[in-house]
Amino acid sequence: MFKTLDRYLIREIALPFAIALVVLTFLLMIPPILREAEAFIAKGVEWSIVLRAMSLLLPQALSLTIPMAVLLGILVGFGRLSADREFVAMQAGGISLLRLLQPVAFVAILATAATAYETIVALPNANQKFREIAFGVVTERLETSVKPRVFFEDFPQRVIYVRDLPAGGGWREVFVADMTRAGYTTVYFAREGRILIDRQKKIVQLRLLNGSSHTTIRGKPEAYEGGEFETFTITLDPKDVFRPPLEKGAPEMTFAELRTAIADASAKKQPTYPLRFMVQYKWSLPATCPILALIGLGLGASNRKDGRLASFVLGFGVILTYYVLLYGARAFAMGERFSPEWAPWIPNIITAGAAVALFAWRVRSADRAVRFSLPAFWRRPAAAAPAAHLPRSSTRRPRIVVRARVPHLNFPMPRVLDWYIGREYLRVFLFGVCAFIGIFYISTVIDLADKMFRGEATTGMLLRYLVYTTPQYIYYVIPMGVLVATLVTLGVMTKNSELLVVRACGISLYRTAVPLLLFAAVAGGFLYLLQEQVLAYTNREADRLNRIMRGYPPITTPLDRRWLAGRSGDMYHYDFYDSRGSRFTSLHVYRLDDVEWRLRSMVYANLVTPAAGADGAHGDGWKGHDGWMREFPSTGIRSTNRVVAKYDPFTERPLVLEPASYFKSEMPEADLMTYGELRSYIAQLQASGANVVPDMVKLQRKVAFPFVTVIMTLLAVPFAVTTGGRGALYAVGIGIVLAIVYWMTLSVFAALGAGGVLSPMLAAWAPNILFGAAAVYMVLTVRT
């Protein structure tokens, strides 16, 4: 049975362990929450499915964060005991460091069992179920996957374009291009449309209402067939929708499945080292918990009162070192330079040796701090003594002194208290941001490691990807850093009675919090500048590298974008566009009656170049070569339900198209544009009658999100003051819970705004209004 001392130490470790586990897991869950949860909610997925899908992402994060939380929990717990001199009292009572191994070993065993369960049992099932849920949501809600004003090209040889998505479902003002028959192109213009799916019978149909069809044949420009319809059904290939189940990767396989896959690969003479590595990796990762626990005890237990922060920093250094060793060993194994059975154990062997050596050294000298000596040539030479014995010069020239009187201006200057608070705040803030970014780096490297070892990516590509994703990571972690820095700074001051002394000197809590609010305002301004000046470029480049490493198709660019909608509503389709020479090959132009949503004319040119003396900068500076034009009068020339068009071939003809810069521009993405660019883009869409509600939400969110730093600070101040007596970690725990609730609220309101339930401004600002009002109330009611 555990004695009182053991239970006391376990309680001291449990709270920081829980807080570290929640913080680290939440940091790893921020990108999936923003990416997956908002997409699910916007598509109208039931809340039960959304929560289940998000819970299935937890095992992947927990398998990484449980060992980290063990180390940080022991470091913080024993660091607190050392700082309060309780460890000195234990030694005075005859309790050695070896005696403290019993509660630490108990914590390590529990963490090892939990990590083994997450890695071996929960992770394979959760990953596979999440992929199946996500795939099922896309399949069942295929209709809402078609975005307004964006060409949907997921069906082979078919393109769908929708002007609007009504709230009741379906599509409004639909354009469909069918190129399934070689040499034939059929385009449909319909007032309404929708997709009908029968999962049991495996039937997928595209239903169009009140429209017309137009068919042309390549190589026979005079051939044409058109018609009008009230209802028209296009049957799609079920294989394009009901695809086979997703195959399991190595992380999603059980040990039995891995052994079977290894045997199959060996029989087929295929590489087996990724599978063999994964077998041992599933065992080696849980084994890191006892090793990190021993390191945490060696670094945290000390007689020195000022060694807590240094040990905490060293703890994160140990975590980064471990994963660097793991990554290096894995690279050698996948390169067939090292045994894949031994590679996962190399980091454990090295860190275990270091842990035993550190613990043995600490047992012999518990009162010494962990120090690293610099080489002799790096040390600063001692300052030379003043040469007092040297005789002074007897000849001294008189100096001319000029005095100028400047009027005294009484500007408010920082006081000693401000400098003290600012110094402590910045130290915690910088350390927190660096630590959080390090966690992102670890998760990213582990996530993309398989791609490198399969030859789909290189080390240089991964390093460039990390560089370009760092601004986005900083954008995520700065609000967390502001929250933690405020809580820790004021929490420590409250616990050490420093805040009580400040109040006794007549300085209120409001005046004490001024430097914290100034730092929060600066951080918010930095967030806004980051998204305006940096993120648009870095996120675009990071997405390009990520698609290359994962084998995804690249995003649409002017070189491969075959379909484009003009600002006036016209449709453009071409085989190739030379952006340098502004030349089109095989250009089709479909000119529409925007009010009635019908085809007015159709133009084809084998080659389109800038007109003489023009560079394509203006819409009327184009010339078409070897083409034809068909016009469809408003009254029409109809025979029953057939449409007869006037055919007019030409050898050379001036054309009115969009300016060349319009074709050179990339497909606009709200997340990759600045505030001004997105506002201009929304204005263009509004002029053409498009649904701009989702983009309006993102526009307002670009302004609303930077204020989160001030709101987090206002929330942290009263919590740190009221709970600081119980310890800074208690306040940090409450603050992290509030941060999680804030992020979830932000995602939910954004999804509700994108779905049209709330106005864009309210959807973007509602989280700030709710949490800001609560923060202001707490600040005004707390004892100052």
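Between GLN533 and THR215, how high is the FRET efficiency from 1/(1 + (r/R0)^6) when r is the Cβ-Cβ distance and R₀ = 35 Å? Nearest 0.05.
Values: r = 49 Å, r/R0 = 1.41.
Efficiency at R0 = 35 Å is approximately 0.10.
How much FRET efficiency would the formula 1/(1 + (r/R0)^6) give for ASP164 and SER339, where r is the Cβ-Cβ distance and R0 is 45 Å, rounded to 0.05? Intermediate results must be reported in sequence, preceding the final value.
Values: r = 60 Å, r/R0 = 1.33.
The computed FRET efficiency comes out at 0.15.
Filter the cross-link list LYS623/LYS646; LYS147/LYS702; LYS129/LYS698 down to pairs whose alpha-carbon distance in this structure exceeds 23 Å. Working shown, then result.
On the way: LYS623/LYS646 21 Å; LYS147/LYS702 21 Å; LYS129/LYS698 30 Å.
Flagged as over cut-off: LYS129/LYS698.
Subtract the Cα-Cα distance of ALA267 and ARG783 from 0.36 nm times their separation in residues, and report this length gain in nm to one decimal.
On the way: separation 516, 0.36 × 516 = 185.76 nm, distance 7.40 nm.
Gain on extension, ALA267 to ARG783, equals 178.4 nm.
As an exercise, use a Förster radius of 30 Å and the Cβ-Cβ distance of ALA683 and SER48 to find the FRET efficiency, rounded to the nearest 0.05.
On the way: r = 39 Å, r/R0 = 1.31.
My answer for the efficiency is 0.15.
For ASN496 and ARG600, compute 0.36 nm times the residue count separating them, minus their Cα-Cα distance, and round to one decimal in nm. Before the final figure, lay out the partial values.
Details: separation 104, 0.36 × 104 = 37.44 nm, distance 7.90 nm.
Net length gain for the segment: 29.5 nm.
May I ask you to compute the full-extension gain from ALA89 to ILE120, defined as 0.36 nm times their residue separation minus their alpha-carbon distance, rounded to one decimal in nm? Please report the intermediate quantities before stating the final value.
Values: separation 31, 0.36 × 31 = 11.16 nm, distance 4.21 nm.
Contour length minus the Cα-Cα distance gives 6.9 nm.
Tell me the net charge near ALA105. Cut-off is 13 Å between Cβ atoms, ALA105 excluded, with +1 for each Lys or Arg and -1 for each Asp or Glu.
Numbers: positive: ARG99; negative: ASP6.
So the environment of ALA105 carries a net charge of 0.
For the pair ASP237/LEU430, report the inter-label distance in nm, with labels modelled 7 Å from Cα in the Cβ direction.
The two pseudo-label positions are separated by 5.9 nm.
Net charge near LEU297: determine it from the other residues with C-beta under 13 Å of the C-beta of LEU297, scoring Lys and Arg +1 and Asp and Glu -1.
Working: positive: ARG99, ARG362; negative: GLU12.
With Lys, Arg at +1 and Asp, Glu at -1, the net is +1.
Quick one: go through the stretch 163-187 and flag any residue whose amide nitrogen is under 20 Å from the point 7 Å out along the Cα-to-Cβ line of ILE203.
170
Summing +1 for each Lys or Arg and -1 for each Asp or Glu, what net charge is found among the other residues whose Cβ lies under 12 Å from the Cβ of THR651?
Values: positive: LYS623, ARG653; negative: ASP626, ASP648, GLU652.
Overall, the nearby charge balance is -1.
The numbers here are math on the coordinates, done by the rules we state, and not lab data. Here the structure is a predicted model, which means the values were calculated and not measured. Reconstructed Cβ throughout: ideal geometry from the backbone, glycine too, with neighbour counts over all protein chains shown.
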